[in-house]
There are 2 protein chains.
Amino acid sequence: MGVEKYPEALEFILHWGEMGTHWGANRSVAQVHALLYLSDQPLDAEAICEALDLARSNVSTALKELQGYGIVRRTHIPGDRRDHFTAETELWDLFMAITAERKRREIDPTIAKLGELKDRMAANKDLPAHVRERIGRMHEFIANLTGWYEQVRGLKKSTLIALMKLGAKVARFIPGSKD
Amino acid sequence: MGVEKYPEALEFILHWGEMGTHWGANRSVAQVHALLYLSDQPLDAEAICEALDLARSNVSTALKELQGYGIVRRTHIPGDRRDHFTAETELWDLFMAITAERKRREIDPTIAKLGELKDRMAANKDLPAHVRERIGRMHEFIANLTGWYEQVRGLKKSTLIALMKLGAKVARFIPGSKD
DNA sequence: TAATCATTTCGATTTTTACAGAAATTACGA
DNA sequence: TCGTAATTTCTGTAAAAATCGAAATGATTA
């Protein structure tokens, strides 16, 4: 029996769908993800359609999107011609995959644009100084934040988890931080 | 003269507007924010309308939204009846305000929902174990991440900046991390 | 307190996005 | 290689969100 028949599971799927619309996905994509996340066996597209009452084409698009994020993968079931799909269940990996892809789609283009503007501003002499300064600072800020993210994301999972557990106590290692 | 007349400033505003639509705001909100961010003087609503070619009502709504995020404030100009508005220019504060508000709107309700489901699942004996387990782990994961965020966000700005500069080198303080 | 100016709220319109269903393509097996 | 099953792409429609303009509300000062 499909997990969507259990009220708590269904509510999870519906809530995930709603939140997904605020997190840069659409309802269908988030619902499909939630269903696969709760399922302990790979599901084929048709089963997803029936569970969520979505059109086949819609599910196809959603699956492609989720695979683009790297959080759903195709798995082959021997003796079955249809594709089956499984979601990432390791939440740390899920989180990392989503942040990486969102950065790529939403942050990188902005850094590139601001970099381009910075170059052009250098040549434009009658641009007010404060405009140059503010666009420049924004570029620097986002680039710094992103650079930090790239470094930290490269750390071992166990290190990251240890850092999380440390919480605000990391401040101890910053000389003179006192907070 | 309004900054929007300078091509680089205008491009910044337009790009910010487009990206805003991916970041949970609408185009108008993000454009108004960008304009105010680049302006070195407070602007009144009418000036914003003209600069961005937006309806007065639309600008009113956008300003309310930005004030809700705590990244735009009303400033009074002596001898002028109209409200004037200024954007946060300290980028660290801007970033902190946005993350705090998005957490409040988008994460907290999910934690609450998952907590509620967890309670109900405890009572529902015929729910498959793996469903209980996965919803429970999701709740725990998001709550942990959020708890970490709350702790770190409470640190002094100078401490946070020092931690950023440290980058991946924080790992040194985790015994046996070796990465 | 009346008149004017500023702001917000509301309803209508436009634009954008999501979604369904049909058509086309691809993969597979007989 | 032909036929069938599976998947994707395309096109139109429906739903949702953004935006406008008008009307209502609120504020200021003459």
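The values are calculated or read from the model by the stated rules, or taken from the named source; none is laboratory data. All figures in this text were calculated on a predicted structure; none of them were measured in a lab. Here the Cβ positions follow ideal geometry from the backbone for every residue, glycine too, while neighbour counts run over all protein chains shown.
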* Just for segment B:39-87: of the residues that are touching a Pro at 6+ places or on another chain (Cβ under 9 Å) and closer than 22 Å to residue B:14 by Cβ, which one is nearest to DNA strand C (Cβ to nearest atom)? -> B:85
* What about residue B:38, is it of a type outside the set (Gly, Ala, Ser) and within 17 Å of residue A:127 (Cα to Cα)? -> yes
* Structure fact -> Scanning segment A:57-74 for residues that are within 11 Å of DNA strand D (Cβ to nearest atom) and either surrounded by fewer than 11 Cβ atoms within 10 Å (Cβ to Cβ) or in a strand (DSSP E or B) (or both), the one farthest from the other protein chains (Cβ to nearest Cβ) turns out to be A:57
* Residue that is farthest from residue B:97 (Cα to Cα) [pool: residues in segment B:130-179 that are within 7 Å of another protein chain (Cβ to nearest Cβ) and among the aromatic types (Phe, Trp, Tyr)] -> B:173
* **Flag if residue B:79 is more than 23 Å from the chain's Cα centre (by Cα), within 13 Å of DNA strand D (Cβ to nearest atom) and at pLDDT below 95** => yes
* **Residue among A:113, A:118 that is within 23 Å of residue B:20 (Cα to Cα), surrounded by 16 or more Cβ atoms within 10 Å (Cβ to Cβ) and more than 7 Å from chain B (Cβ to nearest Cβ)** => A:118
* **Test: residue B:52 is within 14 Å of chain A (Cβ to nearest Cβ) and either over 30 Å from residue B:140 (Cβ atoms) or in contact with an Asp or Glu (Cβ under 9 Å, 6 or more places away or on another chain) (or both)** => no
* From the residues in segment A:134-143 that are of a type outside the set (A, V, I, L, M, F, W, C) and under 28 Å from the mean Cα position of the chain (by Cα), which one is surrounded by the fewest Cβ atoms within 10 Å (Cβ to Cβ)? -> A:140
* Determine whether residue A:36 is away from DNA strand C (no atom under 13 Å from the Cβ), closer than 28 Å to residue B:22 by Cα, part of a helix (DSSP H, G or I) and in contact (Cβ under 8 Å) with a residue 40 or more places away in the chain. => yes
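Yes/no matrix, rows are residues, columns are (1) within 31 Å of the chain's Cα centre (by Cα); (2) closer than 27 Å to residue B:88 by Cα; (3) not basic (Lys, Arg):
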site	(1), (2), (3)
A:111	yes, yes, yes
A:115	yes, yes, yes
A:128	no, yes, yes
A:132	no, yes, no
A:146	yes, yes, yes
A:152	yes, no, yes
A:160	yes, no, yes
A:171	yes, yes, yes
* Among the candidates B:159, B:146, which residue alone is surrounded by fewer than 16 Cβ atoms within 10 Å (Cβ to Cβ) and hydroxyl-bearing (Ser, Thr, Tyr)? -> B:146
